[in-house]
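As structure tokens, the structure follows; a few thoughts come after it.
The values are calculated or read from the model by the stated rules, or taken from the named source; none is laboratory data. Nothing here was measured: the structure is a model prediction, and the numbers come from that model. No Cβ is skipped: glycine too gets one built from the backbone with ideal geometry, and neighbour counts run over all protein chains shown. When the accessible area is computed, the model is the full protein with side chains, heavy atoms only, and any ligands, DNA or RNA have been set aside. Shrake-Rupley method; radii C 1.70, N 1.55, O 1.52, S 1.80 Å.
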Amino acid sequence: MEILKLLGLIIFLLFSYIVLTIIVPPLNFPKKIPTIPFYVVFLPILFSIDQTELYELYIKEPMEKYGAVKFFFGSRWNILVSRSEYLAQIFKDEDTFAKSGNQKKIPYSALAAYTGDNVISAHGKVWRDYRNAVTNGLQHFDDAPIFKNARIFCDLIEKSIQEGQFSIQMGPLSQRLALDNISQVALGFDFGALKQEKNAFHEHLICIKRQIFHPFFLTFPFLDLLPIPSRKKAFKDVASFRELLVKRVQDELINNYKFEQTTFAASDLIRAHNNEIIDYNQLTDNIVIILVAGHENPQLLFSTSLYLLAKYSNEWQERLRREISGITDPKVLADLPLLNAFLFEAVRLYPPLSTIINRCTTRTCKLGAEIIIPKNVYVGYNNFGTSHDPKNWGSTAYDFEPERWGSDIETIRKNWRTAKNRCTVTGFHGGRRACLGEKLALTEMRITLAEMLRQFRWELDPEWKEKLTPAGPLCPFNLKLKFKKNVAE
Ligand code: HEM
């Protein structure tokens, strides 16, 4: 009996300890910043609330006042930052706020098994080796496939219209476009998702994404440690997808030595592997991350752009349509003021990666003048908060106003660079770890949007409930648009 009581007490204490570590931040966390209640992160699972509403209700006020908050996410307490000065410090002091992606944060998870140790999440020399390998291919690329894919994409919309289906769910179609773009521009093979709707490789990717980004397992990643049959399947599917992906690259670039004559990011990674700078796992991890970041993030921004153009169709579709009229050279699109101001405003208003928590302190440090953060604490940044902070953007921070970027292309570019340097827009992040795919993503947006504006007019489907994603990456949730042919052309 005594043993039973003791056992009961131990279980009770263990349970209380676990509950307490969820409800209350660790005692050594900074006292000078507020705590967002732990349950906030669970609300989108229980209620129909999107992440911008959540921000407005629970985070905005303390975040704007203090610039940083204590925030429970991914089974742990973190410090979430939005004040530009703090972000600038974090981005600059990379040794103290060291990158620590999922492979370190939750190494046992299916998510970590998917993306591994890669150029986005690595730190130090390993990161430099990866970055050296992929930079050239991501900065200097042939935009012809993007142009061709934009046309195929429009043909698919046209086909829907001809079949009497004017209303289109944009997610699946945009994903097919984004996959074909990144595979052809950076990985040297054709994913073939636009040509064939039921492409087995694409189906495989959809299947693993469903398992990896399952909201429950994203919230409680430690569950991946348990022998849950569905999670075992997730790990198996991830492993076979990674193998298949590298085999596609191998067939296209390695077996026929095509990598020797090409400058795709994948070709340079293969060269780095042949020169023993990176091993086979690192080669695989980086090929996977190029596919993952290279299609998911542009897909989000594309969806947001289509949404904004539908919402403000009378004004913005018309203005952009006039601006692109008669332009056939995709390179000239990069110099158009309205189109570029529109895109920068889309990134500001709805930064596709709204919250990123992938840095960990390597020593006790001070953020700003007063916030003392102990060693081994995850520090993340809240892009949405930064780009909606009235300190940065005044009273119109929440308004869609592309004109704020300027009216001529030089001013617009200068303001964009300044916003990045001052960390008032961090959608593509700032500093040494800035996104390597910004140029590519913006090129995709400009070319595809221009082609769409030429061919169609679109509006929000009246049956679509105007909402953004509940958690994770930010974009309109299951966006549905109604298309018609642009008769003027
Ligand atoms: C709209 C599209 C995109 C957005 C909003 C975006 C955003 C970002 C952000 C915020 C980061 C910093 C992440 C962090 O702090 O951990 C990042 C890094 C990165 N992105 Fe993108 N990205 C986009 C498109 C792309 C594309 C198309 C690629 C091509 C593969 C790409 C490749 C990378 C790489 C390689 C890094 C890591 C850079 C480094 O740490 O050295 N991104 N991106």
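What number does the chain give for Rg over Rh if you use C-alpha atoms and the Kirkwood radius? List each step's numbers first, then the result.
Numbers: Rg = 23.2 Å, Rh = 23.8 Å.
We get a ratio of 0.97 for the chain.
Cα extents of segment 447-488 along the three principal axes, largest first, in whole Å?
Between the extreme Cα coordinates on each principal axis of segment 447-488 lie 39, 25, 8 Å.
Sorted from largest down, what three extents in whole angstroms do the Cα atoms of segment 1-153 have along their principal axes?
Taking the Cα atoms of segment 1-153, the three principal extents are 75, 39, 39 Å.
Restricting to the chain, compute how many DSSP beta bridges are antiparallel as a %, nearest 5.
Taking every DSSP beta bridge with both residues in the chain, the antiparallel ones total about 85 percent.
Of the heavy-atom accessible surface of segment 136-220 (probe 1.4 angstrom), what whole percent is carbon and sulfur?
Carbon-and-sulfur percentage of accessible area, whole number: 57.
7 Å from Cα along Cα→Cβ at both GLU243 and GLU410: what's the point-to-point distance in nm?
Going by the 7 Å Cα→Cβ label model, 5.8 nm.
Remind me, what semi-axes does segment 70-201 give for its equivalent ellipsoid, largest first in whole Å, using sqrt of 5 times each Cα gyration tensor eigenvalue?
37, 20, 16
Segment 125-165: percent of C-alpha pairs farther apart than 14 Å?
Numbers: 546 of 820 pairs.
In whole percent, the share of Cα-Cα pairs in segment 125-165 beyond 14 Å is 67.
Taking a threshold of 18 Å on the Cα-Cα distance, which of the pairs LYS31/LYS391; LYS60/LYS391; LYS105/LYS375; LYS60/LYS311 fall above it? Let's see the in-between values first.
Working: LYS31/LYS391 23 Å; LYS60/LYS391 13 Å; LYS105/LYS375 14 Å; LYS60/LYS311 25 Å.
Among LYS31/LYS391; LYS60/LYS391; LYS105/LYS375; LYS60/LYS311, the Cα-Cα distance tops 18 Å for LYS31/LYS391; LYS60/LYS311.
Beyond 28 Å between alpha-carbons counts as too far, so tell me which of LYS65/LYS465; LYS5/LYS70; LYS198/LYS247; LYS148/LYS232 fall in that bin.
Details: LYS65/LYS465 32 Å; LYS5/LYS70 37 Å; LYS198/LYS247 20 Å; LYS148/LYS232 40 Å.
The pairs that break the limit, which is 28 Å between Cα atoms, are LYS65/LYS465; LYS5/LYS70; LYS148/LYS232.
Along Cα→Cβ, 7 Å out, is where each label goes; now give me the distance between the ones at LYS148 and ASN376 in nm to one decimal.
So the two model labels end up 5.3 nm from each other.
Over what distance in Å are the Cα centres of segment 454-480 and segment 113-191 separated?
Spelled out, the Cα-based centre of one part sits 20 Å from the other.
Per the Kirkwood treatment, what hydrodynamic radius in Å, one decimal, follows for segment 380-455 from the mean inverse distance over all distinct Cα pairs?
Mean inverse Cα-Cα distance, inverted, gives 13.9 Å.
Hey, any idea what Rg/Rh is for segment 406-489, computing Rh the Kirkwood way over Cα pairs?
On the way: Rg = 16.8 Å, Rh = 15.9 Å.
Result for segment 406-489 is an Rg/Rh of 1.05.
Please compute the Cα-Cα pair-distance distribution of segment 234-353 with 10 Å bins starting at 0, giving whole percents from short to long.
Computed distribution, short to long bins: 11, 29, 22, 24, 14, 1.
Hey, if you drop one equal point scatterer on each alpha-carbon of segment 353-422 and run the Debye formula without solvent, what base-10 log of I(q)/I(0) do you get at q = 0.25 Å⁻¹?
-1.15
What GluC sites (Glu not before Pro) in segment 221-276 are in a loop by DSSP, with at most 13 other Cβ atoms within 10 Å of the Cβ?
GLU276
At a threshold of 8 angstrom on Cα-Cα distance, excluding pairs fewer than six apart, so keeping six or more, what relative contact order does the chain reach in percent? Mind showing how you got there, number by number?
Working: 721 pairs, mean separation 112.7, N = 489.
The value is 23 percent.
Calculate the radius of gyration of the Cα atoms of segment 310-446 to one decimal place, then report Dmax, the largest Cα-Cα distance, as a whole number, both in Å.
17.4, 58
Can you give the Kirkwood hydrodynamic radius for segment 115-190, in Å, rounded to one decimal and based on Cα pairs?
14.8 Å
Can you give the accessible area per residue of the chain, in Å², using a 1.4 Å probe?
Solvent-accessible surface per residue comes out at 46 Å².
Which ³J(HN,Hα) values in Hz, rounded to whole numbers, follow from the phi angles of segment 333-340 under the Karplus curve 6.51 cos²θ - 1.76 cosθ + 1.60, where θ = phi - 60° and Gly and Pro get x?
4, 5, 9, 7, x, 5, 4, 6
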